[in-house]
Amino acid sequence: MQKLYGKELLEKELKGSYLFFIRENNFGGKDYGLIHDESVHNQNVASIASVGFGFCALVVGVIHGYLKYDEAKRIANKTLDTVLNELNHENGFYYHFIKTSSKNSYENYEVSIIDTALLLCGAILAGEFFEGEIKEKATKIYERVNWRWFLNIETNQFYMSYSKEKGLEGRWNTYAEQLMIYILAIASPTFSVDKKVYDYFDKPKADYGDIKDIVHTYCGSLFAYQYSHAFFDFRNKVDKNGIDWFENSIKATLANRQYCIDNKNKHKTYGENAWGLTACLTPTEYNSSIGAEPCNTNLDAENDGTVATSGAIGSIVFTPEYSIKAMENYYNNFPELWSDYGFNNSFNFEGEIPWFAHENLGIDKGIGLCMIENYLNGSIWKYFMKNEFVQKGMGEIFEEKNII
């Protein structure tokens, strides 16, 4: 492959990520608009989060000329019809995964608040971009989400999932990727919750070397510092405790990269241009607990030397120089990492033979697509932040940062 650098490489990855959401889409019948969770395996399983990121791909497609406006609008409209009229939901919350080949059977899959939130964010974005009927349908989907049902009133913490067998379970008791949930729930025009729910999750701080006061997640996995930022523009915003979540993600990303540098003798995959420890496929399984310090988990037990390409790519708005250098390293030195959908999921050099995941996941292609677009043009932020409910929710929690 011809070597690529900088903006040219970013645009090539952006186009590849866009193609994932077009080619892995079930354009037909009751499954219209449902997007596969994986590009190679489990081709009868869609992800509701992939559907959310799919709306983002339509917006990006129009902006970059990959797709005509009228065609993108038609796809968005029909996808919203599927979500509104065809998919099973519980009090407005959707199942994490959907078996597309069996008419949306949901056995053994949980209802997920965070994946529903990602769907909502994508739908809201589409509504602001295409307006009219698209916005009306996106608002209907948002309005029927009963946030109060998913809230434990004894702890003022949201549950994480629901199943008919186990009921509501899990809890968002510490900082992770869930900032979007509070903003959407507080601003709901139908089932709003008190803004105090934002105060009832832990925000633990720790240092990593010279990087101070990082509000960190349990596993130190980078996706948790990325997902809400794909849609919500937290730049120059602080909460009442003075937390700047955008600045916090910068610090966490720098710590993640430095951790890889500090441990490159322990794991030969790691390096200054091979970093970004986050949930991904590994040589043995999918591992959602891969991460870096600071954290509260046993990294020796979780980290096997696998690096996810989405770690650096999804952090480009936080660490553009380092993210681009990592992408240039991946593309120019390891052609096995490349596919029609851009960078494959992950790689690991710990064994005698280098391992590459010849697979793509919707959530990882989605975060890369959104963050590259935000870095290049700010388009996802621009349209999403126009929404009146987004503005209301943000205003309840955040204020402008005083910049001297």
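The values are calculated or read from the model by the stated rules, or taken from the named source; none is laboratory data. All of these numbers come straight from a predicted model, not from anything done at the bench. Because the Cβ atoms are built from the backbone with ideal geometry, glycine has one as well, and the counts that use them run over all protein chains shown. Heavy atoms of the whole protein, side chains included, go into the accessibility calculation; ligands, DNA and RNA do not. Shrake-Rupley method; radii C 1.70, N 1.55, O 1.52, S 1.80 Å.
Overview of values
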item	result
Cut-off under 5 Å, modelled amide H: who pairs with ARG171 long-range	MET160
Probe 1.4 Å, protein heavy atoms only - accessible area per residue of region 45-151 in square angstrom	34
Per-pair calculated FRET efficiency, R0 = 22 Å: ASN85 and GLU131 via Cβ, rounded to 0.05	0.55
Inter-part distance where region 136-211 and region 363-379 are each reduced to a Cα centre, Å	24
Eligible lysines near LYS30 by straight Cα distance, threshold 25 Å, same-chain separation 8 or greater	LYS68, LYS73, LYS78, LYS99, LYS103, LYS135, LYS137, LYS140, LYS164, LYS365
Proximal charge balance of ASN236 [Cβ under 14 Å; K/R count +1, D/E count -1]	-3
Gained length - GLU285 relative to TYR66, 0.36 nm times residue gap less alpha-carbon distance	75.4 nm
Rel. contact order, % - alpha carbon contacts under 8 angstrom, at least six apart, the chain	19
Neighbour cut-off at most 11 other Cβ (10 Å), DSSP loop, GluC sites (Glu not before Pro), region 328-375	GLU352
Estimated vicinal HN-Hα couplings, Hz - region 203-218 in sequence order (Karplus 6.51, -1.76, 1.60; Gly, Pro = x)	10, x, 10, 7, 9, 10, x, 7, 8, 9, 6, 7, 6, 10, 8, 5
Net charge of neighbours whose Cβ lies under 12 Å from the Cβ of LYS7, counting Lys and Arg as +1 and Asp and Glu as -1	-3
Karplus-derived HN-Hα couplings along region 305-314 (A = 6.51, B = -1.76, C = 1.60, θ = phi - 60°), whole Hz, x at Gly and Pro	x, 6, 10, 8, 5, 5, x, 6, 5, x
Summed side-chain charge close to ARG171 - residues other than ARG171 whose Cβ falls under 12 Å, Lys, Arg +1, Asp, Glu -1	-3
Most to least packed among 85-92, 176-183 [average Cβ atoms within 10 Å]	176-183, 85-92
Alpha carbon centroid spacing (whole Å) that separates region 21-100 from region 327-359	27
Carbon/sulfur fraction of accessible area - region 353-394, other protein chains in place, 1.4 Å, %	57
Extension gain (nm, one decimal) between LYS268 and ASN173, 0.36 nm per residue minus Cα-Cα	30.7 nm
Under 5 Å, built H, 5+ apart or other chain: amide partners of ASN360	SER39, VAL40
